[in-house]
Amino acid sequence: MARFDKIQVLQKMSSTRIVPVFYSGDAEIARQVVKACYEGGIRAFEFTNRGDFAHEVFAECVRFAAAECPDMAMGAGSIVDAPTAALYIQLGATFIVGPMLNPEIARVCNRRLVPYCPGCGTVSEVSQAQELGCDLTKVFPGDVYGPKFVKALMAPCPWSKVMVTGGVSPDRDNLSSWFGAGAFCVGMGSKLFPNDVIAKGDWQYITERCREVLSYAR
């Protein structure tokens, strides 16, 4: 069962505006990244379902976060079907993110009051997701659509809450462009976690980078 309800999760995303997006098949690496982000001020973390037995790594991260990062909302990303969403919710996911919109996932998540953030590429898709109960929708890939798309969407639909993922950089100008356009929050992956940093296990770098990025978001 999710440790945080829908309102609490959205509040965490709203307060930090940054959601790290990360995957590793190594549970120890994943735990260390979660801890480093938490110490840097992150309070919502998306672990992506990208490899074999990813759900087992996620389960270990959820248990670890409950003990070591008590205010961290752990979510699952790259979810494309309802059975996988149900699996991750059973393992403690407090939110579900997908690259596209699947109404069946919305039904599973709504039943448990778990936020579902589907990937949308048109105003019509965003509207359909909202009709299905998705408080937060994802513009993905962000670098394809750009801040102009978000700004254009917000003009006729100012109530929309949009998370942008893909093409988001941990620098002031890039973040300013997305938040200036009206983004609710952004998801940030490889540019926040360089391969060489992960390989060296430089967790302090990640902590400091998160603090820096959060200062830009504020």
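The values are calculated or read from the model by the stated rules, or taken from the named source; none is laboratory data. Fair warning: this is a prediction, and the values are worked out from it, not measured in the lab. Reconstructed Cβ throughout: ideal geometry from the backbone, glycine too, with neighbour counts over all protein chains shown. Ligands, DNA and RNA are excluded from the accessible area calculation, which covers all protein heavy atoms including side chains. Shrake-Rupley method; radii C 1.70, N 1.55, O 1.52, S 1.80 Å.
Numbers below:
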| item | result |
| --- | --- |
| Estimated FRET transfer efficiency (ASP171, ARG111; beta-carbon r; R0 41 Å; 0.05) | 0.55 |
| Selection of chymotrypsin sites (Phe, Trp or Tyr not before Pro), the stretch 127-162, meeting DSSP coil and at most 16 other Cβ within 10 Å | TRP159 |
| Calculated FRET efficiency for the pair ASP52/ASN195, C-beta based, R₀ 22 Å, to 0.05 | 0.65 |
| Distance cut-off 20 Å, percentage of C-alpha pairs in the stretch 89-218 lying past it | 50 percent |
| Principal axis dimensions, the chain - Cα atoms, whole angstrom, descending | 45, 39, 27 |
| Heavy-atom accessible surface of the chain: percent carbon and sulfur, 1.4 Å | 51 percent |
| Column: log10 I(q)/I(0), Debye, Cα scatterers of the stretch 1-99, q = 0.11, 0.20 Å⁻¹ | -0.26, -0.92 |
| Probe 1.4 Å, accessible area per residue of the chain, Å² | 44 Å² |
| Given LYS161/LYS200; LYS6/LYS148; LYS6/LYS200; LYS12/LYS191; LYS12/LYS151, the pairs whose alpha carbons are separated by over 27 Å | LYS161/LYS200; LYS6/LYS148; LYS6/LYS200 |
| Restricting the stretch 154-191 to trypsin sites (Lys or Arg not before Pro) in coil, as DSSP defines it, with at most 15 other Cβ within 10 Å | LYS191 |
| Cα-only Debye scattering, the stretch 8-53: base-10 log of I(q)/I(0) at q = 0.15, 0.20, 0.33 Å⁻¹ | -0.40, -0.66, -1.19 |
| Most positive-pole-ward Cα, ALA155, GLY92, MET74, against dipole of the chain from beta carbon charges | ALA155 |
| FRET efficiency for CYS157 and ALA66, using Cβ-Cβ distance with R0 set to 35 Å, rounded to 0.05 | 0.45 |
| Centre separation in Å (Cα based) which lies between the stretch 94-120 and the stretch 11-49 | 19 Å |
| Unit Cα scatterers, Debye sum, the stretch 90-165: log10 I(q)/I(0) for q = 0.12, 0.13, 0.20, 0.21 Å⁻¹ | -0.30, -0.35, -0.78, -0.85 |
| Cα-centred dipole magnitude for the chain, charges only on beta-carbon of K, R (+1) and D, E (-1), debye, nearest 20 | 580 debye |
| 25 °C / 0.890 mPa s Stokes-Einstein diffusion coefficient of the stretch 151-218, Kirkwood radius on C-alpha pairs, µm²/s | 187 µm²/s |
| Phi-based couplings in Hz for the stretch 38-53 (Karplus 6.51, -1.76, 1.60; Gly and Pro marked x) | 4, 5, x, x, 6, 10, 9, 9, 9, 9, 8, 8, 10, x, 4, 6 |
